[in-house]
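What follows is a short report on a single structure.
The values are calculated or read from the model by the stated rules, or taken from the named source; none is laboratory data. As the structure is a computational prediction, the values presented were derived from the model and not from experiment. Counting neighbours? That spans all protein chains shown, and the Cβs are built from the backbone with ideal geometry, glycine included.
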Amino acid sequence: MPDYNGSVDYLKKAALRGSRLGLERISELMERLDNPQNRVKTIHVAGTNGKGSFGAMLTSILTEAGYTVGGFSSPALTGITDSFRINCREITKKDFAEVMTEIIPHCEAMEDKPTEFEVLTAAAYLLFFRKGCNISVVECGMGGDTDSTNVLCFPLLSVITNVQKDHTAFLGETIEEIARHKAGIIKCSRPVIYGGTDLTVSDLILREAKKKCSEFYSTDYFRVSDTSSDLSGTEFSFDGMGDFRMQLLGKYQVMNAATVLTAVEVLRGQRINIPDEAVRRGLEKARWHGRFEVVRREPYVIYDGAHNPDGIRSAAESIELYFRGSDIVLLIGVMADKEYGLYTDMLGSRIRKAFTVTPDNPRALASDKLAEVFRAADIDAEPFDDLAKGVCSAYEYAKANGLPLIALGSLYMYGDFMDALNNITE
């Protein structure tokens, strides 16, 4: 009998093994499972930012086109099953328990036992095969070449959304070093798309693609026009494909959508049937939590999982787009390994008051240390070690002053943030 709680407990045990990049353990585990990752057509997605939104849009489009589509992303926002989706719907606890019941004995039989993310990766690939998925969209956890999802041999398409500085302790201090890791998902004779605008990175990825005889495509943002956006949604045109509307918010989402539409064109070239109407419906129906997501409207409360300089910069641009001329109330919690000292320059001019919190994660930066950064920039900041109390105080301040509350930082705190917000009674 599949046991969900036992599966969760096993993952907690695996988490104690830490984060260890490399393909040795995942390769052995997948071999034991008869390599299900090579039995479903997969779109493999790497990149510093935008992976989740890209995956949500493309999965929605492929679902509308009539395929059975698996989706794997990390971190989970509300619970373990949130990392796994079939046709845009979170899997059940029963589904998760069944696949884990099959995987755990193989993990335990290994001398060098897999990490938590390696177990989750194996669960995703096995689940998609067991559920009869025609296509899956799988997101790298970190980097590319040594990420456990890279155990794939023949991806339908590889996508690198962009490359920015992040996870430098694991991936290197320079953009070039990080780009080389992400370019490691390129496979021989399989097409690759680069969605970023950095020409140095583009040249590096192009060289890697040529080495592997892989067709290289890049997103042409000059094809985007007639963009308009407010808090009800976003409209834009993409040359050669028509007009589109999305409910996803954030100035950056049009850029993500342009890469998705480029992927649609490449997939059509791979004989994947994607009707025009499926593209339109899929983009309009796409949903993704934690990316400039409006979670309340009186006052506006928005959560954006911006957690690195590029993400914070994009969030600042979105704040300017939707709240021109208005101050904001900021709630923020980040990991200690992020370049948080840069955040005040990007956000400072708009902040009436900052509420800093400590996410429930061993890598989290203490709220008082983060508050000191804002105070040093002459921004009123109040720290809270208790995230729920911080959310409550920030919300009450925003409501009393008629200002929007913008929550930024680690996606690891999304679930706790939403729980705290939902416990606030009007």
Would you mention how many residues in segment 233-263 are closer than 20 Å to E317 by Cβ and either not assigned by TED's automatic domain parsing to the domain that holds P191 or not hydrophobic (A, V, I, L, M, F, W, C) (or both)? 10
If we scan segment 32-44, do we find a residue that is among the β-branched types (V, I, T), under 30 Å from T197 (Cβ atoms), surrounded by 21 or more Cβ atoms within 10 Å (Cβ to Cβ) and out of contact with any Phe, Trp or Tyr (no Cβ under 7 Å at 6 or more places or on another chain)? yes
Which is crowded, with 19+ Cβ neighbours inside 10 Å and closer than 22 Å to R375 by Cβ, of I328, I302? I328
Looking at segment 272-280, is at least one residue more than 22 Å from the chain's Cα centre (by Cα), touching a residue at least 24 places away in the same chain (Cβ under 8 Å) and not assigned by TED's automatic domain parsing to the domain that holds F244? no
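Hey, can you tell me all the residues within segment 13-39 that are over 13 Å from T115 (Cα atoms), part of a helix (DSSP H, G or I) and in contact (Cβ under 8 Å) with a residue 60 or more places away in the chain?
We begin by selecting, within segment 13-39, every residue over 13 Å from T115 (Cα atoms); these are 30-39.
Right, trim to part of a helix (DSSP H, G or I) and you get 30-32, 36-38.
The answer is M30, R32, P36, Q37, N38.
If you scan segment 325-341, which residues turn out to be under 16 Å from G311 (Cβ atoms) and of a type in the set (D, E)? Give the steps one after another, and end with the answer.
First, the residues of segment 325-341 that are under 16 Å from G311 (Cβ atoms): 330-335, 337-341.
Correct list: D337, E339.
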For segment 213-225, give me each residue that is buried (at least 17 other Cβ atoms within 10 Å of the Cβ) and in a loop (DSSP other than H, G, I, E, B). S214, T219
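When residues of segment 65-79 are filtered for being closer than 18 Å to V266 by Cβ and either touching a helix residue (DSSP H, G or I) at 6+ places or on another chain (Cβ under 7 Å) or among the charged types (D, E, K, R) (or both), how many remain? Before the answer, list the steps.
The initial filter retains those residues of segment 65-79 that are closer than 18 Å to V266 by Cβ, namely 65, 67, 69.
So of that shortlist, the ones also either touching a helix residue (DSSP H, G or I) at 6+ places or on another chain (Cβ under 7 Å) or among the charged types (D, E, K, R) (or both) come out as 65, 69.
Summing the residues that are closer than 18 Å to V266 by Cβ and either touching a helix residue (DSSP H, G or I) at 6+ places or on another chain (Cβ under 7 Å) or among the charged types (D, E, K, R) (or both) in segment 65-79 gives 2.
Residues that are outside any loop (DSSP other than H, G, I, E, B), over 20 Å from T42 (Cβ atoms) and without any contact (Cβ under 8 Å) to a residue 12 or more places away in the chain: does segment 101-115 have at least one?
First pass over segment 101-115, keeping only residues outside any loop (DSSP other than H, G, I, E, B): 101-109.
Subsequent filtering for residues that are over 20 Å from T42 (Cβ atoms) retains 101, 104-109.
Okay, now just the ones that are also without any contact (Cβ under 8 Å) to a residue 12 or more places away in the chain, so 105, 108.
Yes, segment 101-115 contains at least one residue that is outside any loop (DSSP other than H, G, I, E, B), over 20 Å from T42 (Cβ atoms) and without any contact (Cβ under 8 Å) to a residue 12 or more places away in the chain.
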